[in-house]
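Asker: Below: one structure in C-alpha cells.
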Amino acid sequence: MTATDRSIELITTAAQAAADKLAHDIIAYDVSDVLSITDAFLLASAPNDRQVKSIVDEIEERLQKELGAKPVRREGDRDARWILLDYVDIVVHVQHSEERVFYALERLWKDCPELDLPEEARATRGKAAEHARTQAAQEEAGLPDGEVW
C-alpha cells in the first residue's frame, strides 16, 4: 500500500506552508506500509518556540483554506516545543530544533520511502545545522542573541 493522492496533496501543501514560514529540515515519509492509522508523516523544525507555533498555524490555515482539511487533533500547543497536527491521512510534527535532535524521528522512519516535496521545502535541508553554526559563531564573538554581524 502507498500513500493516497489525498495524503500526498496534504503533505505537499503542508510542506510548502512550512517552508514559507522558514521551517528547517522539512521531510516527509510514506508510512502507509508500516502503520494502519495514517499514510504519511511530515517533519519540520524551528529554532524557537514562537516560530514552531507560527509554522503550525500556517500549515493549519493553508490546509483549511486550500484543501478544506481540519485536524482532528492538535497537541503540544502549551509549550510549543513539539506540536502535532493529526489529519488522519497525515500527521504533521513541528518540533523545536533541540527536540528534533533528541527524538530523532528520522531514525524511526528511515526505512520508509521519502515523499517528494516542493523545491522550497527540499531547500530547507541542513538549515538547522547552519543555524546552529551561526548561533555558535555569534556566541563565540560575544554578540547577543539575534544581533546580526
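Read-outs throughout are calculated quantities, based only on the coordinates presented, and are distinct from any laboratory measurement. All figures in this text were calculated on a predicted structure; none of them were measured in a lab. Virtual Cβ from ideal backbone geometry, glycine too; neighbours counted across all protein chains shown.
Asker: With a point put 7 Å past each Cα toward its Cβ, work out how far Arg107 is from Val72 in nm, to one decimal.
Answerer: 3.0 nm
Asker: Among (i) 22.5, 81; (ii) 15.6, 56; (iii) 15.5, 53, which one is Rg and Dmax of the Cα atoms in Å computed from these coordinates?
Answerer: Evaluating Rg and Dmax of the Cα atoms in Å on these atoms matches (iii).
Asker: Could you tell me the relative contact order of the chain? Use alpha-carbon pairs under 8 Å, at least six residues apart, and round to a whole percent. Present the calculation step by step, with values, prior to reporting the outcome.
Answerer: Working: 268 pairs, mean separation 43.2, N = 149.
Across the chain, relative contact order equals 29 percent.
Asker: Given H placed on each backbone N at 1.01 Å, which residues far from Leu115 in sequence or on other chains put an amide H within less than 5 Å of it?
Answerer: Amide H neighbours of Leu115, under 5 Å, 5+ apart: Ala28, Tyr29, Asp30.
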